[in-house]
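Laboratory data are not the source of any read-out in this text; all were calculated from the coordinates shown. Bear in mind that the values here come from a model prediction, so they are computed numbers and not experimental data. Neighbour counts run over all protein chains shown; Cβ positions are idealised from the backbone, glycine included.
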């Protein structure tokens with residue numbers, strides 16, 4: 001339930017320009033521009049230097065679309081159509097790069113490829129103020145239909161298949177929260193191409209929603225800021241995630257300090273609670289004993305100024321913060337750049353582990369496995385430590401007789417704890433690697449926090 005809620009609670013920060021930039025890294029057309037190529041054809045009339053060589057090797061994604069269309073008996077557009085689309089985007093990119101007065105006769109391959117790197121995304125941007133994806137592509141296709149004929153351009157079925165394939169390719173890309181404009185990520189068919197991402201401000205974040213403005217953007221901002229401050233290169237991002245985890249957990253503790261202390265007090269009072277429960281062994285079936293047991297427990301809590309319902313406050317605070325951190329770690333563009341021991345921090349931890357086919361040559365596979373194990377062990381220790389400490393405190397409490405109510409409650413708590421642990425591990429498998437780092441460090445902080453508070457409680461009791 002948490003995974004479903006989280007995935008629907010944080011909006012994507014990717015603008016249509018961001019998506020267009022990412023799309024272009026996957027679908028660059030079929031034209032390769034070179035100087036004085038013996039196999040190439042002229043690109044511009046009068047330009048004897050710049051040549052176009054046609055090959056589908058430049059866009060594996062387009063080959064996939066065509067192969068899928070063939071399998072479904074859908075008419076395939078001709079090479080002439082794709083060349084015309086490439087020609088339009090090249091001319092548009094050159095004008096955007098060098099100005100309207102650019103002389104196409106003097107353009108060489110280096111200048112053409114530089115312009116396409118910066119402005120090739122215009123192939124997929126909107127042609128109107130709404131800036132919807134594929135509007136420009138649709139407009140150019142309509143123009144080419146008039147010049148080449150309807151039989152050479154994409155028909156309705158191919159257009160639908162083409163757009164669905166491209167949209168599916170970038171559907172899960174959410175790493176678009178950046179402080180400044182820049183090239184980020186590992187995209188493209190080679191898995192190593194950066195895409196230009198627009199910088200986002202706090203106003204843009206608030207336009208996405210209150211959670212995004214109040215929590216997601218500030219966390220992503222800190223990750224971006226500290227990553228650059230620590231020098232990037234992967235380890236800088238790890239340091240940023242660690243520091244942001246410490247900041248977030250400290251703020252949660254400040255807000256919930258009273259409830260957190262109440263939790264620790266309840267743990268410290270387990271021997272007293274065990275003695276009370278021993279007085280009423282039939283409380284599971286005897287209503288009178290059950291009522292007296294509840295009265296004595298509440299009297300104990302009141303005497304030590306504990307509100308049992310205060311634990312709910314901790315959960316109420318932690319859950320939206322967790323959603324925000326998930327959104328920030330998924331959306332921070334800086335985490336999609338660089339890698340730590342071969343593992344990209346914005347990549348899904350489970351996805352990297354399941355990439356077992358390439359494990360001998362994929363360093364990131366080993367990193368993902370080790371991170372997952374470390375995260376699971378740290379979570380196990382942080383959740384079990386209070387139970388271990390409680391068991392150590394109550395081991396000297398003599399059981400005068402069997403207490404079904406007490407045994408049932410202990411069994412229920414044990415099952416609940418185990419189920420929660422399994423859920424956390426499963427969720428960790430489905431979340432980005434950066435969240436695995438967050439949970440690992442957070443679990444260590446929880447262990448330290450528990451040990452410190454329990455030490456304080458023990459001394460206070462003495």
What whole-number value in cubic angstrom gives the convex hull volume per residue for the C-alpha atoms of the chain?
-> 199 Å³
Mind pulling the angle between the C-alpha long axis of helix 270-279 and the longest principal axis of the chain? Nearest 10 degrees, somewhere in 0 to 90.
-> 50 degrees
Is it possible to state the helix-based mean residue ellipticity at 222 nm for the chain, with each DSSP H run of 4+ residues giving -39500 (n - 2.57), the sum divided by total residues, to the nearest 500 deg cm²/dmol? What is it?
-> -20500 deg cm²/dmol
Full extension between residue 304 and residue 444 adds, at 0.36 nm per residue less the Cα distance, a length in nm of 47.6 nm
With a point put 7 Å past each Cα toward its Cβ, work out how far residue 35 is from residue 207 in nm, to one decimal.
-> 4.2 nm
What distance in nm separates the simple spin-label points at residue 76 and residue 318, each placed 7 Å from Cα in the Cβ direction?
-> 5.6 nm
Once label points are set 7 Å from the Cα along Cα→Cβ at both residue 150 and residue 290, what is their separation, rounded to one decimal in nm?
-> 7.6 nm
Förster radius 25 Å - calculated FRET efficiency between residue 214 and residue 430 (Cβ-Cβ, nearest 0.05) | 0.50
For a footprinting-style exposure proxy, rank 315, 385, 23 by other Cβ within 10 Å, fewest first.
-> 315, 385, 23
Can you quote the Å³ per residue value for the convex hull of the Cα atoms in segment 180-320, rounded to an integer?
-> 202 Å³
The extension gain from residue 458 to residue 258, computed as 0.36 nm times the residue separation minus the Cα-Cα distance, is 70.3 nm
How would you classify segment 9-173 from its alpha-carbon gyration tensor, with a ≥ b ≥ c the square roots of the eigenvalues: rounded for a/c under 1.5, else prolate if a/b is greater than b/c, otherwise oblate?
-> oblate
Is any residue of segment 135-156 close enough, with backbone N under 19 Å, to a label point placed 7 angstrom from the Cα of residue 167 along the Cα-Cβ axis, and if so, which?
-> 135-142, 154-156
Along each of its three principal axes, how wide is the spread of alpha-carbon positions in segment 202-461, in whole angstrom units, largest first?
-> 63, 45, 34
For the Cα atoms of the chain, what angle does the longest principal axis make with the long axis of helix 79-98, in degrees from 0 to 90, nearest 10?
-> 80 degrees
Can you tell me the 0 to 90 degree angle between the C-alpha axis of helix 404-430 and the longest principal axis of the chain, rounded to 10?
-> 20 degrees
